[in-house]
Amino acid sequence: MKLHARIALALGAGLLSAASFAADCSKLNLLTVPGAEKQEAACLDDLTTPYLTASGHTDASDWLPLHSQATRNPPGAVPGIQIDGYFPDTSTTNAYKGWNHDAQFVIRLPDNWNGKLVVTGAPGVRRQYATDYLISDWVLARGYAFAATDKGNSGTSFYKDGAAPGDAIAEWHRRVTELTVAAKQVVAQRYGRAPDYTYITGISNGGYLTRHALENRPDLYDGGVDWEGPHWRPEGPNLFTFLPAALKYYPAYRATLSADAHDRIIAAGFAPGSEFLWEHHYAVYWDLTQRTYREEIDPGYDGLLEAGVPFCPSGTLYCDADYDYAQRPPAVKSAVSSVSLTGRIGKPMITLHGTLDTLLPIRTNSDPYAALVRSSGRGHLHRYYVVEGGNHVDQLYDLFPDRLRPIAPCYRAAFVALERWVEGKGKVKPPESRTISRPPAGDVANECGL
């Protein structure tokens, strides 16, 4: 980018500072992402979201809905190099840059590198920029190199990818591994040596990928932080053992405050006290999540339909409100088995989950996963922090500040604790697994003590 164009860009965004134009571009044209089909490298005055948004190097729609507006990131610019691109793939759900190509990634290489790398996979069915505000900004400010993947498919039709049930989700594992291997080599090209430590982390599906990676490829990582990952087991619990009950009984609860309907939703795993969140989750999350993931795992349930009938009342033909996972054919359990977790983590991991998570209730997701880790004999490698008042999406704190708390500051405290645990060679252990109480006062959006 020519100097006058860079000045105009910075002034237009209100981002010009003493740190501007400090980026070291000397190796820009020497960086090659191994295995990538396409890559575009840019030398940027700042790798954090304000500048990336103004310069067109992130997509704010991917990350804006996930954080509280009260959550602050470290101030100051982080100059460095960003590489966008994609690995070979046949699916086309990711339309970023008009590429219409999946397996997209972003790699960020700060000038002031701390010798370490963070890798993540996108939460939900979002794309590679989904954790830019909550994770990338924060770790870049601490000197980390950062790499993220769209997991190989994205969007609400992700289930169309793959040849067999479960294939689209199983691809996520391969894409995280692919990016990790490539990012380590890019780091070595940029800085002259491989990272001293590599951490994997993620939110929601990114948390699930953290669990899976530390179970199956611990050789690639030194540890990880799992932020509210979903639990997948063929015998349950999994999405299909609790979401159908919410879909079936919530309309009756909303219409009449039926005690029976309420109790059935609670019995499915949802937390008492989360009722004020049910309407939002029914409208935004429960229905769409059940139908699309069920289509991925059990496409035969709704015949020739794709992802069932939205918001159908119980009794409607092919309605997901009536989905009974226990009665489905063995092939369905086999598809779940192909993406299941074992709990056999091979490196230190910290899990966080909120008590008021109303998409992935804690009782049916992280509670059983923590138990699985213990039963697998890996409890010494795990810490589990239950965040009182935490919901699946920090954004809802802005609507209910008196009843919720963002998980972000607890996540960041946990990440620092993981660093000390790993880099201190186990001598500085994190606090034992515990519940983190919601403080009665203070800056809960930015402060959390483990």
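The values are calculated or read from the model by the stated rules, or taken from the named source; none is laboratory data. Keep in mind it's a predicted model, so treat the numbers as computed, not measured. Every residue, glycine as well, gets a Cβ built from its backbone with ideal geometry; the counts of neighbours run over all protein chains shown.
If we scan the stretch 94-106, do we find a residue that is charged (D, E, K, R) and either closer than 26 Å to Arg193 by Cβ or assigned to a strand (DSSP E or B) (or both)? Checked against the condition, which is being charged (D, E, K, R) and either closer than 26 Å to Arg193 by Cβ or assigned to a strand (DSSP E or B) (or both), the stretch 94-106 yields no hits at all.
Just one of the listed residues (Tyr301, Tyr369, Tyr325) is within 17 Å of Leu209 (Cα to Cα), touching a residue at least 12 places away in the same chain (Cβ under 8 Å) and of a type in the set (Phe, Trp, Tyr), namely Tyr369. The residues of the stretch 48-62 that are more than 17 Å from the chain's Cα centre (by Cα) and among the small types (Gly, Ala, Ser), listed by number, are Ala54, Ser55, Gly56.
In the stretch 393-404, the residues that are assigned by TED's automatic domain parsing to the domain that holds Gly442 and among the acidic types (Asp, Glu) form Cβ pairs under 6 Å with partners that are assigned to a helix (DSSP H, G or I) and crowded, with 21+ Cβ neighbours inside 10 Å, at six or more places apart or across chains, as follows: Asp394/Ala408. Of all the criteria given as (1) closer than 19 Å to Tyr323 by Cβ; (2) buried (at least 22 other Cβ atoms within 10 Å of the Cβ); (3) among the small types (Gly, Ala, Ser), the one not satisfied by Gly236 is (2). Kindly indicate whether any position in the stretch 257-277 is under 24 Å from Thr149 (Cα atoms) and crowded, with 19+ Cβ neighbours inside 10 Å. So far as the stretch 257-277 goes, no, none of its residues is under 24 Å from Thr149 (Cα atoms) and crowded, with 19+ Cβ neighbours inside 10 Å.
Could you give me the residue pairs with C-beta distances under 6 Å whose first residue belongs to the stretch 47-58 and is closer than 11 Å to Ile81 by Cα, whose second residue is at pLDDT 95 or above and in a loop (DSSP other than H, G, I, E, B) wherever it lies, and which are 6+ apart or on separate chains? Pairs that qualify, where the first residue is closer than 11 Å to Ile81 by Cα and the partner is at pLDDT 95 or above and in a loop (DSSP other than H, G, I, E, B), are Leu47/Val78. Taking into account only those residues within the stretch 37-69 that are touching a helix residue (DSSP H, G or I) at 6+ places or on another chain (Cβ under 7 Å) and assigned to a loop (DSSP other than H, G, I, E, B), which is surrounded by the fewest Cβ atoms within 10 Å (Cβ to Cβ)? Among them, the one singled out is Gln69. Every condition in (1) crowded, with 18+ Cβ neighbours inside 10 Å; (2) over 18 Å from the mean Cα position of the chain (by Cα); (3) over 20 Å from Val186 (Cα atoms) holds for Pro123 except the one numbered (2). Cβ separations smaller than 6 Å between residues 6+ apart or across chains give no pair from the stretch 220-237 residues that are free of Cβ contacts under 8 Å to residues at least 24 places away in the same chain and outside the structural domain of Gly424 (by TED's automatic domain parsing) to residues that are crowded, with 19+ Cβ neighbours inside 10 Å and outside any loop (DSSP other than H, G, I, E, B). On the stretch given as the stretch 346-366, residues that are among the aliphatic types (A, V, I, L, M) and either modelled with pLDDT under 95 or under 17 Å from Glu215 (Cα atoms) (or both) total 2.
Of these, Ala267, Ala283, Ala255, Ala259, which one is of a type in the set (Gly, Ala, Ser) and closer than 22 Å to Asp62 by Cβ?
Ala283
Per-residue answers, yes or no, for (1) over 17 Å from Thr210 (Cα atoms); (2) modelled with pLDDT of 95 or more; (3) buried (at least 22 other Cβ atoms within 10 Å of the Cβ):
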site	(1), (2), (3)
Lys97	yes, no, no
Gln104	yes, yes, yes
Thr156	yes, yes, no
Ala163	yes, yes, no
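Residue count for the stretch 135-168 satisfying the condition of being out of contact with any Pro (no Cβ under 7 Å at 6 or more places or on another chain) and in a loop (DSSP other than H, G, I, E, B): 15. Going by what's in this entry, would Leu352 be described as surrounded by 22 or more Cβ atoms within 10 Å (Cβ to Cβ), in the same structural domain as Asp394 (by TED's automatic domain parsing) and not β-branched (Val, Ile, Thr)? For Leu352, the condition - surrounded by 22 or more Cβ atoms within 10 Å (Cβ to Cβ), in the same structural domain as Asp394 (by TED's automatic domain parsing) and not β-branched (Val, Ile, Thr) - is met.
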